[in-house]
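Comments concern the structure below.
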Amino acid sequence: MLKSFRLHVFLAVVLCVVAFSVASRLLVANSAFEPLHGHFSEILARHAARELAQAPGPVQTGQLKNTLEKSLDDIRPDEVLVWTNQESPAAGALPALTRALGRGGIVWTLVNGQRPGQPFEMTDLNANAQDWRVLRTPHLQGHVYIAVQKVVLARSADGILQTRDAIVRNLLPMLLAFIVLVTLLLTRSALKPVLTLQKAFARVDVKNQTEHILPEQHYREFAGFISYFNALIDRLRASYAQAARFSSDAAHELRTPLTIIRGYLHRLVNESPDGSHAQIQLSLVAEEVERLISISNKLLILSQADAGRMTLEKQPIQFNDLVGEMVEDLKSAHRSLRFSVDLAPGISFAGDPELIQQLMSNLFGNAVKYNHPQGQVSFKAAKLPQMVVFSISNTTHLSQEGLDERVFERFYRHRVAENHEISRATGSGLGLSLCREIVTAHGGDIKLSVPAQGWVSFECTLPTDC
């Protein structure tokens, strides 16, 4: 199964978001308490400063304590203490706090965000195994002290963090939508240059020796890949040219001696006694020579097509006459086969007569060669406004497995037969490849189909003005 780049990016974005959320939560949990404690101290100092400003006389510590308890959320009476240095210590934690303050050596720091004229200082103390945040401010002839257990500050910070987590949970659908949007944008942005390069690869013509992909037209990160592709194409073109040149040279070199051999064989066949063993053997050799000449001719045409040098000598072709003559010859040579022809009248188009003759000969030859002894061959043709469409269908002893686009490859031989007793047909494996090259050179198309069990069909489309 192919991997999905978009899914990969989506999972990467999700992983980054989850990692960021967890890291930020841990970071806030470990480092946000002190700033939150400072903020709580600022709020406590502002409330106390407002009450002290409204009571210019001696401080009523009990009233101030009650007021602070009402002003601050989630605080219990035993978690806040208020006193002055002129009062005697009471029971509880207050005596321990006053003793700790009296020992000296305590470092006081100013509280941020204070009201002018009422400065507050703060420090942290431990009394009766409890941590306290102590604030003090000068008032009249002494100081007013306010002590709050730090558990109150921690509880307040936990509440803020829980509120943050609740907000994140509520925003989770929006966050997922954002992740999907970011994934689409990232993949679109990342894949766009890749798709552009892919289209450039698809436009490269292997037969054009001078065509390359210019690295300057793409991102510099692709420069090495483009250079490798250009070098690969050059090696492929060199191999392609060598193979085409070999096929062309071999075909040219073989045609002359094969033609001479064919001539001598025909003379020897004519000079031999009729029906003699020597005449039969010479006839078999002559048939194989004809086959070699046919193969060399096909190789020559294919090499010309590979090199882009297949020239068309276009002439008007009377398609009805061409097909009629071929079918009559096939009926005479293969009397056991049943032929049916559905040919529209007056079909003609412009094309190379020799190549079209070769095309039809190959298609009809295959229809006969790979057929049952009492099989059928069906031919249909029609003329459309801009093209001619015809098909050749035949029953076949070949297995449907392997009857696909591979039949147009050179030297491909379909060797799997349903009935091995009648599978004696031989061929060069070049006929259908040559058919495709001829049709392509005329601007048409040829397709293979299996319309029914035991049948095979070739449908060809040719433009009328090709």
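The values are calculated or read from the model by the stated rules, or taken from the named source; none is laboratory data. Predicted, not measured: the structure shown is a model, and the values here were computed from it. In this analysis, Cβ positions are derived from the backbone assuming ideal geometry, glycine residues included, and neighbour counts consider all displayed protein chains. Side chains included, ligands, DNA and RNA excluded: accessible areas come from the protein's heavy atoms. Shrake-Rupley method; radii C 1.70, N 1.55, O 1.52, S 1.80 Å.
Computed over segment 136-221, the Cα gyration tensor eigenvalues convert (square root of 5λ each) into semi-axes of 68, 19, 8 Å, ordered from largest to smallest.
Could you work out the Kirkwood radius for segment 264-368, taking every pair of different alpha carbons, averaging 1/r and inverting it, reported in Å?
One decimal place: 16.8 Å for the Kirkwood radius.
As a fraction of the 1.4 Å probe accessible area of segment 142-223, surface on carbon and sulfur atoms comes out at 64 percent.
With contributions of -39500 (n - 2.57) from each DSSP H run of at least four residues, the per-residue ellipticity at 222 nm computed over the chain stands at -18500 deg cm²/dmol. Each Lys or Arg adds one and each Asp or Glu takes one away; over the other residues whose Cβ falls under 9 Å from the Cβ of ASP352, this sums to -1.
Would you mind putting 162-173, 361-372, 377-388 in packing order, based on average other-beta-carbon counts within 10 Å, highest first? Each step should come with its number before you reach the end.
Details: 162-173: 10.7, 361-372: 19.0, 377-388: 15.7.
Final packing ranking: 361-372, 377-388, 162-173.
Taking packing as the residue-averaged number of other Cβ atoms within 10 angstrom, the listed peptides 192-203, 177-188 run from highest to lowest as 177-188, 192-203.
Go ahead and run the numbers for FRET between ARG291 and GLN198, Cβ-Cβ distance against an R0 of 60 Å, rounding to 0.05. Before the final figure, lay out the partial values.
On the way: r = 44 Å, r/R0 = 0.73.
Step by step, r from the Cβ atoms, then E = 0.85.
Provide the net charge surrounding LYS150, with neighbours chosen by a C-beta distance below 12 Å and charges set as Lys +1, Arg +1, Asp -1, Glu -1. Taking every other residue near LYS150 into account, the sum is -2. Candidates ALA241, SER393, GLY429 compared by Cα position along the dipole of the chain: farthest toward the positive end lies ALA241, with charges placed on Cβ. Checking the cross-link pairs LYS199/LYS314; LYS207/LYS380; LYS65/LYS150; LYS207/LYS314 against a 27 Å limit on the alpha carbon distance flags LYS199/LYS314; LYS207/LYS380 as lying beyond it.
Extension gain, THR440 to VAL341, is 33.1 nm, computed as 0.36 nm per intervening residue step minus the present C-alpha separation.
Taking one quarter of the surface of the convex hull spanned by the alpha-carbon atoms of segment 1-64 gives a direction-averaged projected area of 7.5 nm². The convex hull of the Cα atoms of segment 172-290, projected and averaged over all directions, covers 15.1 nm².
Each Lys or Arg adds one and each Asp or Glu subtracts one; over the other residues with Cβ under 14 Å from the Cβ of VAL269, this totals -3.
Projected area of the chain, taken from the Cα convex hull and averaged over every viewing direction, in nm²? So the Cα hull casts an average projection of 43.7 nm². Which residues does a label at GLU409 reach in segment 437-466, if reach means a backbone N under 19 Å from a point 7 Å past the Cα toward the Cβ? Under 19 Å, as judged by backbone N against the label point of GLU409, lie 437, 446-450 of segment 437-466.
Each label was represented as a point 7 Å from its Cα along the Cα-to-Cβ direction; for ALA12 and GLN376 these points are 6.0 nm apart. If only the Cβ of Lys and Arg carry +1 and only the Cβ of Asp and Glu carry -1, the dipole of the chain around its Cα centre is close to 1300 debye. Per residue, the convex hull spanned by the Cα atoms of segment 89-248 measures out at 284 cubic angstrom. The label point for VAL368 and the one for ARG235, both projected 7 Å from the Cα toward the Cβ, are 4.6 nm apart. Once divided by 2.2 N^0.38 Å, the Cα radius of gyration of segment 253-295 becomes 1.16.
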